[in-house]
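S.K.: Mind having a look at this structure? Questions to follow.
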Amino acid sequence: MHKIDIDLVEMTLDVMKYAIGRISAVEDKIGKPKKEEELKALVGETITKDGIGGEYAFKLWRKYLAKANVAIDHPRHLAFVPASPTRAAIMFDLVTSASSIHGAYWMEGAGGIFCENEAMKWIVSLTGLPAGALGVFTSGGTAANLSAMVTAREHWREQEEFKGEKGLIITSIGAHSSIKAMAKVIDVDLLLVETEDRLEGPALQHAIDGLTPHQRKRLFAVVATGGTTNAGIIDDLNGVAQICKKENLWFHVDAAYGGGALVADSVKHLFNGIEHADSITIDPHKWMFSPYDCGAVIYRHPELAKNAHSQEGSYLDIFKDEGAHGFNPTDYQIQLTRRVRGLPLWFSLATHGTDKYKEAVERGIELAQIAGEMIEDMPHVELVRAPSLSCVLYRRVGWKPENYTHWTYENHNKGFALVTPTKWKQGDTFETVSRFCFINPDTTEKDIKMILDTMI
Ligand SMILES: *Cc1c(COP(=O)(O)O)cnc(C)c1O
């Protein structure tokens, strides 16, 4: 199974050829899922006692299975938060896989971890956090939020008076679903400030003032959002920071989606106050053009993360020895064994330089503005709110929720576009609306116009 022979060489060439084809392809159709039974009927048994052979398995992949995936980097994939990894980054993802690097400890992965850290220093520099701040790459924003929340909770509960208390975190309803999910994982309660718009200082203060004395005792952190996933809204980070300071609370900024915009001069000021954060989440696999999966968590005081996350075990002692000295990514987030998933980003940054990143992010913001203007000019659609970062919420005049759903499926089934509905809360009502999120700089004005035309 592990031997090198002519079959393996041929197989490798085939796979590489396919990968190169995929990297350089300009997709014209968006893939779509099939039911599990349908896929099974197409490919038959693939896991057998004797194996079906690489050539045949690969044929099944190309012919049937690859097509049942949506290419997230398709220029008319404007749903959720799409992705658009650079070709250099994807190429180096292949190298990362081929290199078998254990990215937990410097002793084993020094070369890869060095590269990750170089890329990370640039990301940290965008946040304006002071010297000493440091970040590590995680599997995504969820894992980054979890790692930060655990660090905050452990730091809080180190104090004698809070030992044994169940924690409480305040955030807003605009926060990402992962904050709620990870609060469950660490068994803390969440108080949601009722605004899908910008969370501002006074509303936060009001929420804190409304707590019972015991709730106040249990409150240890506030999570603000640096670019809500739904609408691209950036909370009043300065206002929230001031209150966190006054109330002695951990200040976490979830900028998983929006963090990439820190590189863009046109919107950077909207993030003022992020430099006061205790921890920040940014997903390079969203707006920093990395392949999946690549998130990042950054700490103002990394030693607190180390206290919370460093794993102990006699089999791990060697890694902590002087002789193995270096930076150990495992100490700062929840994973032990990890892929050096920041390596593709490093290669792409090194290849292109940071100015190209700035241009590509600015293009996403510009596309949102362009889409906003088109929507204003067309009689059948209207803006729900002004575009924010690269998100555009708009409605088709007269449509009911089921019209949006039907329209989404229709465009997807044709392989034309993937644009999905969402809800926008105003007062007490949730309105179903349509949403664009631009990440891919290859999306064109024509793409946007064609999509809007299908709503007529
Ligand atoms: C996408 C997103 C997350 C979750 O990140 P994953 O990489 O999907 O785990 C968290 N917070 C925000 C604001 C996001 O947009």
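The values are calculated or read from the model by the stated rules, or taken from the named source; none is laboratory data. As the structure is a computational prediction, the values presented were derived from the model and not from experiment. We place every Cβ from the backbone using ideal geometry, glycine too, and count neighbours over all the protein chains shown.
S.K.: For the stretch 432-456, how many residues meet the condition of being free of Cβ contacts under 8 Å to residues at least 60 places away in the same chain, within 17 Å of SER388 (Cβ to Cβ) and not hydroxyl-bearing (Ser, Thr, Tyr)?
M.R.: 1
S.K.: Inspect the stretch 18-26 for any residue being among the polar types (S, T, N, Q), part of a helix (DSSP H, G or I), closer than 18 Å to MET91 by Cα and touching a helix residue (DSSP H, G or I) at 6+ places or on another chain (Cβ under 8 Å) and give the result as yes or no. Quick ask: steps written out before the conclusion?
M.R.: Applying the first criterion (among the polar types (S, T, N, Q)) to the stretch 18-26 yields 24.
Imposing the further condition that a residue be part of a helix (DSSP H, G or I) reduces the set to 24.
Imposing the further condition that a residue be closer than 18 Å to MET91 by Cα reduces the set to 24.
In the following step, the residues that additionally are touching a helix residue (DSSP H, G or I) at 6+ places or on another chain (Cβ under 8 Å) were identified as 24.
Yes, there is a match, as at least one residue in the stretch 18-26 is among the polar types (S, T, N, Q), part of a helix (DSSP H, G or I), closer than 18 Å to MET91 by Cα and touching a helix residue (DSSP H, G or I) at 6+ places or on another chain (Cβ under 8 Å).
S.K.: Right, another one. For the stretch 235-323, which helices (runs of 4 or more DSSP H) that fit wholly inside it have 2 or more residues that are surrounded by 15 or more Cβ atoms within 10 Å (Cβ to Cβ) and touching a Ser or Thr at 6+ places or on another chain (Cβ under 6 Å)? Show your work before the answer.
M.R.: On the way: elements: 237-247, 284-287, 302-309.
Per the criteria, 302-309.
S.K.: Output the number of the condition that GLY135 fails; it satisfies all remaining conditions of (1) touching a residue at least 60 places away in the same chain (Cβ under 8 Å); (2) surrounded by fewer than 16 Cβ atoms within 10 Å (Cβ to Cβ); (3) small (Gly, Ala, Ser); (4) outside any helix (DSSP H, G or I).
M.R.: Failing condition for GLY135: (2).
S.K.: Scan the stretch 174-195 residue by residue and report those that are part of a loop (DSSP other than H, G, I, E, B) and within 13 Å of the ligand (Cβ to nearest atom). Show your work before the answer.
M.R.: To start, the set of residues in the stretch 174-195 that are part of a loop (DSSP other than H, G, I, E, B) comprises 174-176, 186-188, 194-195.
GLY174, ALA175, HIS176 - these are the residues of the stretch 174-195 that are part of a loop (DSSP other than H, G, I, E, B) and within 13 Å of the ligand (Cβ to nearest atom).
S.K.: Any idea which of GLY326, GLY342, GLY295 is touching a residue at least 60 places away in the same chain (Cβ under 8 Å) and at positive phi? Explain how you work it out, then say what you get.
M.R.: Details: GLY342 fails: at positive phi; GLY295 fails: at positive phi.
Checking each option against the conditions leaves just GLY326.
S.K.: Given the condition under 30 Å from VAL81 (Cα atoms) and polar (S, T, N, Q), answer yes or no: does some residue in the stretch 316-332 qualify?
M.R.: Yes, the stretch 316-332 has at least one match.
S.K.: So which residues in the stretch 349-372 are surrounded by 14 or more Cβ atoms within 10 Å (Cβ to Cβ) and either more than 20 Å from LEU126 (Cα to Cα) or of a type in the set (Val, Ile, Thr) (or both), if there are any at all?
M.R.: The answer is THR351, VAL361, ILE365, GLU366, LEU367, ALA368, GLN369, ILE370, ALA371, GLY372.
S.K.: Failed condition for SER139, given (1) away from the ligand (no atom under 13 Å from the Cβ); (2) more than 26 Å from SER388 (Cβ to Cβ); (3) not acidic (Asp, Glu), with all others met?
M.R.: Single failed check for SER139: (1).
S.K.: OK, next. Could you pull out the residue among VAL253, VAL240 that is within 11 Å of the ligand (Cβ to nearest atom) and free of Cβ contacts under 8 Å to residues at least 60 places away in the same chain?
M.R.: Details: VAL240 fails: within 11 Å of the ligand (Cβ to nearest atom).
When all the criteria are applied, what remains is VAL253.
S.K.: Filter the stretch 81-100 down to residues that are surrounded by fewer than 17 Cβ atoms within 10 Å (Cβ to Cβ) and within 23 Å of GLY260 (Cβ to Cβ), then give me how many there are. First the steps, then the outcome.
M.R.: The initial filter retains those residues of the stretch 81-100 that are surrounded by fewer than 17 Cβ atoms within 10 Å (Cβ to Cβ), namely 87, 94-95, 97-100.
When the remaining residues are screened for being within 23 Å of GLY260 (Cβ to Cβ), the result is 87.
Of the residues in the stretch 81-100, 1 are surrounded by fewer than 17 Cβ atoms within 10 Å (Cβ to Cβ) and within 23 Å of GLY260 (Cβ to Cβ).
S.K.: Within the stretch 117-168, how many residues are under 20 Å from the mean Cα position of the chain (by Cα) and at pLDDT below 95?
M.R.: Of the residues in that region, 0 qualify.
S.K.: Something else about it: Might you let me know whether the stretch 101-108 holds any residue that is aromatic (Phe, Trp, Tyr), out of contact with any strand residue (DSSP E or B) (no Cβ under 8 Å at 6 or more places or on another chain) and part of a helix (DSSP H, G or I)? Even if it seems obvious, please write down each step before you answer.
M.R.: We begin by selecting, within the stretch 101-108, every residue aromatic (Phe, Trp, Tyr); these are 105-106.
Then drop every residue that is not out of contact with any strand residue (DSSP E or B) (no Cβ under 8 Å at 6 or more places or on another chain), which leaves 105-106.
Subsequent filtering for residues that are part of a helix (DSSP H, G or I) retains 106.
Yes, the conditions are met somewhere in the stretch 101-108.
S.K.: At pLDDT 95 or above and in contact with an Asp or Glu (Cβ under 6 Å, 6 or more places away or on another chain), is that true of GLY103? It would help to see each step written out before you state the result.
M.R.: Values: at pLDDT 95 or above: yes; in contact with an Asp or Glu (Cβ under 6 Å, 6 or more places away or on another chain): no.
In short, no.
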